[in-house]
Structures are given as structure tokens and as C-alpha cells.
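Report on one structure; see the data block that follows.
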Amino acid sequence: MFHLLERYTTESVTSGHPDKVCDQISDAILDACLTQDPTSRVAVESFGSHGTLMLGGEIKTAAKIDAEKIARDVYTKIGYTDDLKILNTIQAQSPDIAQGVDTGGAGDQGIMYGYATDETPEMLPKGVVLAHALARRLEALRRDGTLPWVKPDGKTQVTITNGGGVVTALTSTQHAEEVSQEEIRAALIEHLFTPILGDVSSIEILVNPTGKFVLGGFTADAGLTGRKIMVDTYGGLMPHGGGAFSGKDATKVDRSAAYMCRFAAKSLVGSGHAKKALVSVAYAIGRIEPVMIEAFDDQGKNLTELVTKNFDFRPRAIIERLGLTRPIFQETAAYGHFGVAGRPWEEIDKI
């Protein structure tokens, strides 16, 4: 059985969080390559710190892109106005990696997991859904002008009982210098917490616990691609193989196989085979067939045979089934990769 906690905590961050800025820049570069050349191989990392952004990684593509312009455009559209010094060190992909992937093999070794639960319409744990909902709304309140003093950088967090009751809700939001913490707290209770959580009278509400959050983004902190993997997936409630998603094309099974595991897990739950399902797969770099596939429900029932019969986890088969050569990745780089309708791995295949 999956370990059940009496209560648990999950977090999310806004698109302006430094790590998420880097994820979006890396995925925007990926999408730009795929737009021109769907066979592009991309492994791009971004690192931002105090006025400087470094782009690194490997690309094999026929696309002609301006990575620096893409990065600046993403940064500006998120809502930042300061200028960045950009160092671009992106190089051609190593032929040692390419020789294994060109034959249809996995782009890396590793273990990937996918999870689904029937406790919410999104088939995600309730705490994960609420943390993302708070973060999305915090950004919306900034963008639509409801709270003009909100700035791009922000975090949310909820602590929830196993029965679904919210115990504590937290947000840290970057804000304009002139607004008081009292005003911030009152406005967020009215416009953020209450619309998402309902009656908050019995919930501990924490707002900017440090007392001030004027400096944000790369001005105050460093950001790095792939450093919010629990925000991207299941809030730390389920295993994560360790590989991040953003900046990687679908030959990198860190990303594509995690999507396929989610697709399989969601299909198991959606087809009535489980109330909660966990699917895992493992690969060796350059090898076509997975070295392991396993699936279980929350009672310990083995569902592996159902999964292997209905889902092909060879890298090329995953790419074809989920349509992962399309430029669809930048919008996944904030507010979680799962639970969003319209993404191919969020469909349910009745099995």
C-alpha cells in the first residue's frame, strides 16, 4: 500500500519564481527548435543570478534560432523589466549520445514514475491541486490589475489532512515597496485564499512570513532549470526518479516516460482498475526496451500485466502515441505538468 500520512504539505510557485523562469526559458528554446524541426534533439539548461543568465546544454537541429532573444522575450512576458546579461554556451549534441538515440534507444538511463488518484477531477492529490490553484490565481491577480502591487515572484503552500481538510495555507508574494504587510494580508485573504479555499476562518493563513518581499526574481535569488521537480509532479507525495523535465526533447525518457507513466496510471484509474495507481519504468541509455515496468494500486494489487499489454514504453512509441514532436512544452513549465486538460498524457485510454 502507498504510505498514508495523517497530514501532508505541498507547494507551488508562480511563473516568476527564478527556477520557473529558467524552466520556461529552456522549454521555449525547445519549442522554437521543434517548430522548425520536429526531429530536434535538445537538452538545454538555464541559470540566472543577479542580472546574468547563462544558457548551456546541447542541441542537434536544423532549426535556426536566436536563443538569447527567446530568453529575453520569456523574461519580459513573465513581467520582469530589468535587463539581463546573457551568456550563451549551447553546443552541438555529443555524437556518443546520438549514436544510441538515433536507433530509437533511450536518451538516458533512469527510473520514471506516474501516479493518478480518484480524489479530485484532475486525478491528483487535493493538496497539489490547491497549491497550484493558489499560485495561478496569485499571478492572475497581478496580471488583471486586481492587486497591482503584486510582483512576478511568488510561492504558495498548503498543509492538508488525509481527510482533505486544509490546516495551513501560505503565500509569499513579491510586492511593491509602498504597500504594507497588513494591506497585503487582508487583500490576499479576500482575493486569493477565500476564492480558492472557501471559508478560511479555521485555517492558519500565513502571508510573507519574513515580513517583507520587495526584491525577487534574479535580483534577489538564483534560478536553475529542473530545480522544482516536486512542484512539476506530485508534490513529493509519490516517488520521483530524479530527472527533471524542462529543456529536454522527448527522446529524453526523463520527460517522455514520466508522461507515459502518468498516462498509464490515469488510464488505470479512469477505467476503474484502481482508485490510486502508481506506474514505474526504468531504462538503460541507448537501449530500446525498458529494463523494468511495474504498476500497483494502493492496496498492493499488481497491475503490471494490464500496463504492459496496453502501453508501449519504447521511446519512439511513446513519442508517436503522445505526439511529443510538437512544440507544446513551454506552457507546461509552470504550475505542474499534470492535471491540465488538453495535454496528451492527460487523456484516459479505456482499458
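Quick note: the coordinates plus some simple rules give every number you see, no bench work behind them. Please read all numbers here as calculations on a predicted model, not as lab measurements. Note that we place each Cβ from the backbone using ideal geometry, even for glycine, and neighbour counts take in every protein chain shown.
Farthest towards the positive end of the charge dipole of the chain, among the residues Ala250, Val166, Leu306, is the Cα of Leu306, using unit charges on the Cβ of Lys, Arg, Asp and Glu.
Converting phi to 3J(HN,Hα) with the Karplus coefficients 6.51, -1.76 and 1.60 and the offset θ = phi - 60°, region 286-293 yields x, 8, 6, 7, x, 8, 7, 9 Hz in sequence order, with x at every glycine or proline.
Is it possible to state the helix-based mean residue ellipticity at 222 nm for the chain, with each DSSP H run of 4+ residues giving -39500 (n - 2.57), the sum divided by total residues, to the nearest 500 deg cm²/dmol? What is it? Working shown, then result.
On the way: 11 runs with 109 residues, N = 351.
It comes out at -9000 deg cm²/dmol, rounded to the nearest 500.
Over all other residues within a Cβ to Cβ distance under 11 Å of Glu45, the charged ones net out to 0, with Lys and Arg as +1 and Asp and Glu as -1. Listed by chain and number, the lysines whose C-alpha is less than 20 Å from the C-alpha of Lys155, apart from same-chain residues fewer than 8 away, are Lys20, Lys77, Lys126, Lys212, Lys228.
Neighbour counting of Cβ atoms within 10 Å sorts the residues Ser267, Ser256, Ser12, Ser180, fewest neighbours leading, into Ser180, Ser267, Ser256, Ser12.
Give me the net charge for the shell around Arg143: Cβ to Cβ below 11 angstrom, other residues only, Lys and Arg +1, Asp and Glu -1. For residues surrounding Arg143, the net value is +2. Would you mind classifying the chain by shape? Square roots of the alpha carbon gyration tensor eigenvalues, ordered a ≥ b ≥ c; an a/c under 1.5 is rounded, otherwise it is prolate if a/b is larger than b/c and oblate if not. Oblate is the answer for the chain, as a/c is 1.5 or above yet b/c matches or exceeds a/b.
Is region 171-315 best put as rounded, prolate or oblate by its Cα gyration tensor, with a ≥ b ≥ c the root eigenvalues, rounded for a/c under 1.5, and otherwise prolate when a/b is larger than b/c, oblate when not? Let's see the in-between values first.
On the way: a/c = 3.96, a/b = 1.85, b/c = 2.14.
Oblate.
Computed about its Cα centre, the charge dipole of the chain is approximately 460 debye, with only Lys, Arg, Asp and Glu carrying charge at their Cβ. A DSSP coil position with no more than 16 other Cβ atoms inside 10 Å describes the following trypsin sites (Lys or Arg not before Pro) in region 246-351: Lys275, Arg287, Lys301, Lys350. Straight-line reach only, C-alpha to C-alpha below 23 angstrom: list the lysines that Lys350 could link to, leaving out same-chain residues fewer than 8 apart. The reachable lysines, counting only those whose Cα sits under 23 Å from Lys350, are Lys266, Lys275, Lys276, Lys301, Lys309.
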